[in-house]
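Read-outs: derived from the displayed coordinates by stated rules, not from any lab. Just so it is clear, the model here is predicted, and its values are computed rather than measured. We place every Cβ from the backbone using ideal geometry, glycine too, and count neighbours over all the protein chains shown.
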Amino acid sequence: MKLNNRSVVGFTALVIGSFLIQACGGASQYFGKTETPRDNILRYVSGSEPESLDPHVSSGQPEARIYMALFDGLVEYGPKDLQPIPAIAKSWETGPGVDTFIFHLRDNARWSDGKPITAEDFVYSLRRGFAPETLSRTASLGYFVKYAEAYNSGRVFVRKNGRYITGSDLDGTPKKQRAAFGPDTEFDRSLRDGERITLDADPKKREKEIETDPKLRAAAEGAEFVPVSENDIGVEAIDAYTLRISLRQPAPFFVGLLAHQFFRLVPRHAIERYGKQWTRPENIVTCGAFKMQRYVPYNVLAVTRDPMYWDAANVHLDGIEFYPVEELSTIMNLYKGGQIDAMLNHSVPSSWIGDVRQYKDEYLNFAEAATAYYSMNMTKPPFNDIRVRRAFQLAVDRKALSDFRKVTKPLNDITPDGIFPDYDRARAAVADASRAKAGLSVEEWDRKHGVDPEAARRSLTEAGFPVIAEGNGFACPTFPTDTVSLTFNTNENNRAVAEFVQAQWKKNLGVTIPLKSQEFKTFLKDRNELNYVGFAQSLWSGDYMDPFTFLGLHYAKQNDGGSGFYDPKYDKLLDDANNELDPQKRYELLARAEAYVMDQLPVVTLTVNATNWLKKPYVKGMYPNPGTLHAWKFVYIETDRSRWDRDVEGIMTGSDARVDQQLAELTSSQRGQ
């Protein structure tokens, strides 16, 4: 089925007519037409039109779901909990310092054109992802790989008398040589031989770096500056089916991170042959459970089961059709008319929820590792002033917003509550200690970190934008609303939230912030390049199940926070936390880092999301996991009505013999390590 604007309009009219007939005929057990597809093809609304089919380029969730069909990686997201499960890597080993990982690859993995997949393919893919010319917006996720950030940022090593200068050379401490893990190679010895100093490649900027440190100046005198190359980053093919990845420091969450789209495998032979055109349907080579069948932009992207896939025997669907639809009422009408089988998260509009939630075999509203906030561009006035940022943060009633949205709860910090219980306890302990130190009551502390319109007006006035009483409300006539805007990507829910928050700011500050809607791929580019003044919508779903997936949004100079925030002190707090191998102590350090970044206020926190979507009861193996990211190989269409889902409230804890057996077989090799 192909959907274009004309057919969607016509279909919507048809569906409305059918609703009237159904209404006269009485209630149904299911929300609309519910019949299993005859062709074993899943029809799914994935969200906005994909920005790119290159996994290294896009950072969006709509693309992530498509990548999960087309491209495999070392590991895959588990269908229920998003914990890493084996993919092309059948098993892996972790070094004692949690900073080195060895992956054992399958010898039957193939590209869609039949070429074998080896460890060298992963070396190439990682090097390409970090290459500055790739312009990957998610490369920072892999900065834990040794020298990856230095290569991606175009920095240089300092070499003198034939050897590289390390941090130990500057501070006089004994050289920290990491213990060997795995086969001894010359490349691995070079990575273990202390952390090399890197500097800016630009001579003027480099000179400023050198001048700030007398020891560095002495070490750099007469030295040569060698560009960090792709050959320096910490990824090595030990042999055809063994890969070693070395990190700059411990990262307990690293294997889970490898399921992210940035680490998915891309085909060197296709890229070198076709260049930037390699993702065109006639050129693309993939390695996932499915391969490209057809792609009509803004209409449909269809994939079909790939017989070359290493686990093709356990791929249940014959194909998937992804539809790029954003208008929520259209999505709901398509679903009710039986034209699609499932949809992306956050798709049930608030006005429909009262009716939809009664369909307990279909409606999935579970906790989600996802947050909604507004980034504030800290690089441009007036939001380079923390007093302005504080005013707009304090002027939003997040509880009222959640009540309005019906399927969310307030977001008070960077990380969501309820997803990481042990971390929640550590964060609460850190907050209690800070509150006691400040001598504040619980009520005073909550007000300081919640909504406080009076304090918001005071802060904006102190920043040079006086808030004055006017009639029954307030006005702030000098605030530059002619240059400031609240930018969001086109979506009914996004607009509703923006209008609600706009009204809050008008009520509490006397400021009406203009709203600006953009197509998703244009919006994403402007947000990431800080090409906006004021606020930009930010919706973040965790890439792996660890608090760092949220805290890392504001880590390093190039990050996904969308605000321009960068603070070396914050980076160090996070680095110290990830160097701590005791899980509970690590959480305490992460909580302190979170408290620090919240004091800097790069964002206006809004809500913690819920999954809020629908699937037909015959769609099995597709779960409302915390990221609504689906390992498509587990999904199947059940033709036996007696086995359809009933009351999905227990779907995450229930069992499915087919999925359970598939998972057991996949993970058996890893358990044997």
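By DSSP, what percent of the beta bridges with both residues in the chain are antiparallel, rounded to the nearest 5? Intermediate values should be presented prior to the final figure.
On the way: 63 of 77 bridges.
Expressed as a percentage, antiparallel bridges in the chain total about 80.
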*Would you please calculate the Kirkwood hydrodynamic radius of the chain over all C-alpha pairs and express it in Å, rounded to one decimal?*
26.8 Å
_Using the Cα centre of the chain as the reference point, and only Cβ charges (+1 on K/R, -1 on D/E), how large is the resulting charge dipole? Debye, rounded to the nearest 20._
700 debye
*With the Cα gyration tensor of the range 467-510 giving a ≥ b ≥ c as the square roots of its eigenvalues, does the rule (a/c under 1.5 for rounded; else a/b larger than b/c for prolate; else oblate) give rounded, prolate or oblate?*
oblate
_If packing is taken as the average count of other Cβ atoms within 10 Å, what order do 295-302, 182-189, 472-479 fall into, highest mean first?_
295-302, 472-479, 182-189
_Amide H of Leu105 versus every other amide H placed in the peptide plane: which residues, excluding those fewer than 5 positions away on the same chain, fall under 5 Å?_
Lys90, Thr242, Leu243
*Over the range 421-464, consider all pairs of different Cα atoms and compute the Kirkwood hydrodynamic radius from their mean reciprocal separation; express it in Å, one decimal.*
12.0 Å
*Table column - 3J(HN,Hα) (Hz), the range 231-244, Karplus curve with 6.51, -1.76, 1.60, x for Gly and Pro*: 6, 8, 6, x, 9, 9, 8, 5, 8, 4, 10, 9, 10, 10
_Which of Val348, Val303, Thr379, positive extreme of dipole for the range 226-382 (C-beta unit charges)_ = Thr379
*Among Gln661, Val497, Ile414, flag the residue with its Cα farthest along the positive direction of the charge dipole of the chain, charges on Cβ as +1 for Lys/Arg and -1 for Asp/Glu.*
Val497
*For Lys204, Lys620, Lys521, Lys176, what's the fewest-to-most ordering of other Cβ within 10 Å of each Cβ?*
Lys204, Lys176, Lys521, Lys620
*Could you run the Karplus curve 6.51 cos²θ - 1.76 cosθ + 1.60 with θ = phi - 60° over the range 198-211 and give me ³J(HN,Hα) per residue in whole Hz, x for Gly and Pro?*
10, 10, 5, 6, 6, x, 5, 5, 5, 4, 5, 4, 5, 5
*asked:* If I take all pairs of Cα atoms in the range 367-610, what percentage of them are more than 22 Å from each other?
replied: 53 percent
_Checking the table Lys448/Lys569; Lys160/Lys276; Lys409/Lys615; Lys360/Lys448 against a 32 Å threshold on Cα-Cα, which pairs fail?_
Lys160/Lys276; Lys360/Lys448
*asked:* As a test of the definition: which semi-axes, in Å, follow for the range 97-166 when you take the square root of five times each eigenvalue of its alpha carbon gyration tensor? Largest first, please.
replied: 28, 16, 13
*Using the Karplus curve 6.51 cos²θ - 1.76 cosθ + 1.60 with θ = phi - 60°, work out ³J(HN,Hα) for each residue of the range 597-608 in order, rounded to whole Hz, and write x for Gly and Pro.*
5, 5, 5, 7, 6, x, 9, 9, 6, 10, 9, 9
*Please give the peptides 453-465, 222-234 ranked by average Cβ packing (other Cβ atoms within 10 Å per residue), highest first, as a rough proxy for protection.*
453-465, 222-234
*Got a sec? How would His554, His260 order by Cβ neighbour count within 10 Å, fewest to most?*
His260, His554
_Shape verdict for the range 539-589, please, from the Cα gyration tensor: rounded (a/c under 1.5), prolate (a/b greater than b/c) or oblate._
oblate
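Return the subset of Lys176/Lys572; Lys291/Lys633; Lys176/Lys557 for which the Cα-Cα distance in this structure is over 23 Å, preserving the input order.
Going by Cα-Cα distance, Lys176/Lys557 fall outside the 23 Å limit.
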